[in-house]
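To start, the structure itself, in C-alpha cells.
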Amino acid sequence: MSNEAEDVLRIRTPIGVEYAWSAGTRSSAYLNGLLEGKLLGKRCPSCSRVYFPPRNGNCPMCGVLLGDDDVEVGPNGTVTTFCVVNVPFLGQKITPPYVAATILLDGADIGMQHLLQEVDAADVRMGMRVEPVWAPRDNWGPTMENITHFRPSGEPDVDYSDYAGQL
Amino acid sequence: MREVAVVSTAHSAVAATTETPIETLIPVIDAALVAAGLERRQVDFWCHGSCDYLVGQPFSFVSAVDALGAWPPIVESHVEMDGAWALYEAWLKIQTGEADTAVIFGNGKSSVANMFRVMALQLDPYVEAPLGPDQIALAGLQARVALDAGVITERDMAEVAARSRRDAVGNPAALVSGEVSVDDLLAGDKVRDPLRHHDIPVMGDGVTAVVIAADDAARSLTARPAWIRAIDHRIDAQRIGGRDLIGVPSAVAAAARCGLGAGRIDVAEIHAPFTHEELLVTRALGLDAGATRINPSGGALVSNVLMAAGLARIARAAESILDGSADRVLGHATQGPCLQQNLVCVMEGACWVPCVVPSSVSARPTTRVAGQTCPSPVWCGRLPIGRLRMRA
Amino acid sequence: MTDEMADGPGYAIADDGSFTAPLNLAYPYSRTVGPIYGAFLTGLANHKVGATVSADGTVFVPPAEFHASTGERLDNWVDVANEGEVVSWSWEADPDDSQPLNRPFAWVLVRLDGADTAMLHALDVTDTSSVRTGMRVRVRWAADAEPGIHAIACFEPVEIAGGGPS
C-alpha cells in the first residue's frame, strides 16, 4: 500500500439481539383490560395485597404467584408522593414544570407512576384525590398510555394514615 | 471444613413457555423447599445463576428476587453464570459459617431468541465476536479437531445421542427422548458439518433448584444427604485458537483438585450440550465409561436450559445419592465457548467416610475425629486441607 | 417477528392469552483497543499480520496481551505470513448479514505460517467438498473496511500450480 493507515485506537463493535418477549398470563390480563378501558390487578393469595400492575405475575413480598381472578381497581386514586420536574432534558415530551406522581388507585395496594396535569404544580400534595383522563378510544392499545394523565377529581383529601401502609 | 450436602432438588423444562421467568421460578423453588421440608424463612442464603443476555434485560436477576419473598430482607447473591457456580458460592458461604442452609437456582428462557448466537457473544469482543459465529459453528470447530485427531469418531458421537435419548425416557424435563439406532442417526445429514442434528442440544425454558445444608442441618432434612466431598472450578484461555481443545486442561485440573482418581465414581452427570463435549469431558476427567454411568438423566443434550443445565447435572448426580442408588457421584458443569471453564463436584452418600491418604503416604484409610485436625499432613485428594469439623 | 407484529399493533396474543411482542436490542458499542490489539489492527489496515511472542517463543496470532499460562506481559512483535493452513473448520449453511460472507462458507481456525496459535475467520469456499483440514489458505484483504478484524474480508484457498486447491 502506498499510504500507511492511521493507528487504530478504537473500533466499532455493534451487537444486536432480537428477542420475542412474552408477558405471561397474569400480566396479560392487565394488558387486555387496558384494551377495554379497565384497570385490572391481581390479588396475592397469601397476603391479600392487590397488585396493579400485576408485574411478573407474582407477589414479591411473599414470593408466590398471584391468583387467577382479576380485581378491578380505580379508576380514581390518591397521590401518595410526587416529584415536580423543573429540568428540561433530551427527549422530554412535556413542557416543565410538571408533576410525576405515585398514585394509589382505589382498591390497589401498590402505587403506580403517572403524570399529573390540569393542576398547578404548587398545588399538588400528598393525599390529593385524582381521576384518569383517557385518550380517544381509537388510539387505545395494551398500554397505560391509554390514560394520558391524571387530574384532580375534586374529592376531599385522604388522611395520611389511610395510605401510610401502601407507601 | 464444614460438611455440606445437597438435600433436595427440583426441575422444570419445556420447549417454550409464555410465562415470565419469575412465574417459572416460583413453583420449582417451592418444590425444592417442600422436598427438603424447609420454609422460606428458614433459608439462610439464596444464590442465583442466570444471564441478562438471555432475556435482553439488564439486571434481570434483580427482578428474580421477587420470586423469593424477599421482605423482610433476605441474604442473597447472584452469579452471571450457570447455577452450578451459584452452588459453589453457596458452598463457600456455608463454609464461612454465615449460613447453614442455602437455596441455589439457575434459570433460563432459551426460546426468546437465537441462543446459539447469543452464547457466542462470550467470545473475544475485538477479533472474534465481530465475525458473528454462533455456538454451533464453534462446537463444530472443536468436534472436528477431536475427530481429525482420532480421539473421537462420528459413531461415538451418535452413540452419545442414542444413549442420551434412551436414558431420557421417563425424565419429564427431557425435551427429546426415545429409542433410535446409531446407524439411523449416522444416516442423517450433517446440518452443520461436522455436526448432525443429533449432535446439537435441544434448547429449553426452565429452572433447576437445589437445597444444600451443613452438618446436622443436612442430616435433619433428609435421610441420605449427598455430601459434597470436593468441588473446584478452573478456566482455560478464552480464545479457542490458542488452547488445547481436545485435552480440556481446565477440566483435568478441576478433576485433579477434587481427587477424582481416589475412588470409583458410580454416576457422572456431565454438562455437555454437544455430543463431542461429553466424550472430551469424560476423557479429561479420566472416567471409565464401563464403571461409571454417564448422564443417566439424558444430559443437557436432551434438555439444554441455559444457566440451569450445569446445576441440573449436580442435582441429577445428587439425586442418585438421595435415592440410594449410588454411593459416589460426580456433577460437572461448563461455561464459556468450547468447554472453556469447568466445574467438578464430587458427592458421596457415606456420612462418615474414611479419608483416603494418597499413595505417597500409604493407602490406609484414616478415620476423622470430631473437632480434630485431619491426621493427614498432605492434601488427601478428597477434602481441602484444613480443620475438619465433623459431628461428635 | 410475525407479520401481525410488523404491520399491525406491534404485539400478538398467544393461545393462552399471553401478550407477546418483539424486543430488539442493539448496542452500538465502540471499544478502545489498547496497545496490543491496536498494533495488530493497524497492521491489518496496512495488510500485515503482526503477532506477539512470549519468552518461551510462542507466537500468538491474533496477538495475546498476556501469556495465559505464565501471565507474562507480551510486547515483543514479529510479522507472520498472510498464508497458512486450516486447523479445523465447520460449515455455515445459512449466513446472515453480520457474518463475513453472504453465501454459505466455512468457519475456519487458521494457523498462519510462523504462528503457534490459530485464528478464527471465514473461508470462502462453495461447498464442504472444497475444504479440508490442512489445506493451504491465504488472507483476502477487504477492499474498503473500517478499522477492525474485518480488514480481513475472509480467507481463500491457495491455488497450487497445475491443480485445484491444495
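Just so you know, all these numbers are worked out from the coordinates, no wet-lab data involved. Please read all numbers here as calculations on a predicted model, not as lab measurements. Cβ: placed from backbone, ideal geometry, glycine included. Neighbour counts: every protein chain shown.
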Notebook entry, point to check: Could you name the lysines in cross-link range of A:K93, using Cα to Cα under 26 Å and dropping any fewer than eight places away on the same chain?
Noted result: A:K38
Item checked: Candidate aspartates and glutamates for bridging to B:K190, where Cα separation is under 18 Å - those fewer than 8 sequence places away on the same chain excluded -> B:D134, B:D148, B:E154, B:D156, B:E159, B:D199, B:E277, C:E92, C:D94, C:D127
Notebook entry, point to check: How big is the gap, in Å, between the Cα center of the range A:33-98 and the Cα center of the range B:109-179?
Noted result: 43
Checklist line | Cut-off of 10 Å, at most 15 other beta carbons, DSSP loop: longest stretch of chain A lacking such GluC sites (Glu not before Pro) | finding: A:37-117
Note to self: Using only DSSP helix segments of four residues or longer, with each worth -39500 (n - 2.57), what per-residue ellipticity at 222 nm results for chain C after dividing by its residue count and rounding to 500?
What the structure shows: -3000 deg cm²/dmol
Margin query: Just to confirm the number: angle between the C-alpha axis of helix A:24-35 and the first principal axis of chain A, 0 to 90 degrees, nearest 10?
Written below: 70
Note to self: Using alpha carbons only, how many angstrom separate the centre of the range C:18-79 from the centre of the range B:220-283?
What the structure shows: 29
Margin query: Helix-only estimate, please: 222 nm mean residue ellipticity of chain B, summing -39500 (n - 2.57) across DSSP H runs of length 4 or more and dividing by its residues, to the nearest 500.
Written below: -8500 deg cm²/dmol
Notebook entry, point to check: Given 5 Å bins starting at zero, what is the percent of C-alpha pairs of chain A in each, up to the one with the largest pair distance?
Noted result: 1, 8, 14, 16, 15, 14, 10, 6, 3, 3, 2, 2, 2, 1, 1, 0, 0
Check: For the modelled label position 7 Å from the Cα of C:E65 along Cα-to-Cβ, which residues of the range C:14-52 have backbone nitrogen atoms closer than 17 Å?
Finding: C:30-42, C:51-52
Checklist line | Under 16 Å from the Cα of C:K48 - aspartates and glutamates, other chains or at least 8 residues apart | finding: A:E4, A:E6, A:D7, C:D79, C:E83, C:D113, C:D144, C:E146
Next item on the list: Report, in deg cm²/dmol and to the nearest 500, the calculated mean residue ellipticity at 222 nm for chain A, where each DSSP H run with n ≥ 4 adds -39500 (n - 2.57) and the sum is divided by the residue count.
Entry: -2500 deg cm²/dmol
Check: Per 5 Å bin, what is the whole-percent P(r) computed from every C-alpha pair distance within the range A:23-73?
Finding: 5, 28, 35, 20, 9, 3, 0
Notebook entry, point to check: Taking trypsin sites (Lys or Arg not before Pro) as exposed when DSSP calls them loop (any state but H, G, I, E, B) and at most 14 other Cβ atoms lie within 10 Å, what is the longest stretch of chain A free of them, the sites themselves excluded?
Noted result: A:1-92
Notebook entry, point to check: So how strong a dipole does chain B carry about its Cα centre when Lys and Arg Cβ are +1 and Asp and Glu Cβ are -1, to the nearest 20 debye?
Noted result: 1200
Check: In what sequence do B:F116, C:F40 fall when counting other Cβ within 10 Å, fewest first?
Finding: B:F116, C:F40
Notebook entry, point to check: What FRET efficiency, computed as 1/(1 + (r/R0)^6) with R0 = 51 Å and r the Cβ-Cβ distance, is obtained for C:L101 and A:I94, rounded to the nearest 0.05?
Noted result: 0.55
Check: If you average over every viewing direction, what projected area does the convex hull of the Cα atoms of chain B give, in nm²?
Finding: 19.0
Item checked: Other-chain or far-sequence residues with amide H under 5 Å of B:L175's (modelled H) -> B:S303
Notebook entry, point to check: With no solvent and one point on each alpha carbon, what is the Debye value of log10 I(q)/I(0) for the range C:34-157 at q = 0.18, 0.20 Å⁻¹?
Noted result: -0.94, -1.10
Next item on the list: Per residue of the range B:154-162, in order, report the coupling 6.51 cos²θ - 1.76 cosθ + 1.60 (Karplus, θ = phi - 60°) as ³J(HN,Hα) in whole Hz, putting x for Gly and Pro.
Entry: 4, 5, 4, 5, 5, 5, 4, 5, 5
Item checked: Neighbour cut-off at most 16 other Cβ (10 Å), DSSP loop, trypsin sites (Lys or Arg not before Pro), the range B:202-301 -> B:R264
Checklist line | chain B: relative contact order in percent, alpha carbon pairs under 8 Å with at least 6 residues between | finding: 23
Margin query: Place a point 7 Å from the Cα of A:E36 along the Cα-to-Cβ direction; which residues of the range A:137-167 have their backbone N under 19 Å from it?
Written below: A:137-147
Checklist line | chymotrypsin sites (Phe, Trp or Tyr not before Pro) restricted to DSSP loop in the range B:1-78 with at most 15 other C-beta within 10 Å | finding: B:F59
Next item on the list: Just the Kirkwood number for the range B:1-134, please: inverse of mean 1/r across all distinct Cα pairs, in Å, one decimal.
Entry: 16.1
Item checked: Share of Cα-Cα pairs in the protein assembly as shown lying beyond 52 Å, as whole percent -> 21
Next item on the list: Please identify the longest segment of chain B free of exposed GluC sites (Glu not before Pro), where exposed means a DSSP state other than H, G, I, E or B and no more than 10 other Cβ atoms within 10 Å.
Entry: B:180-392
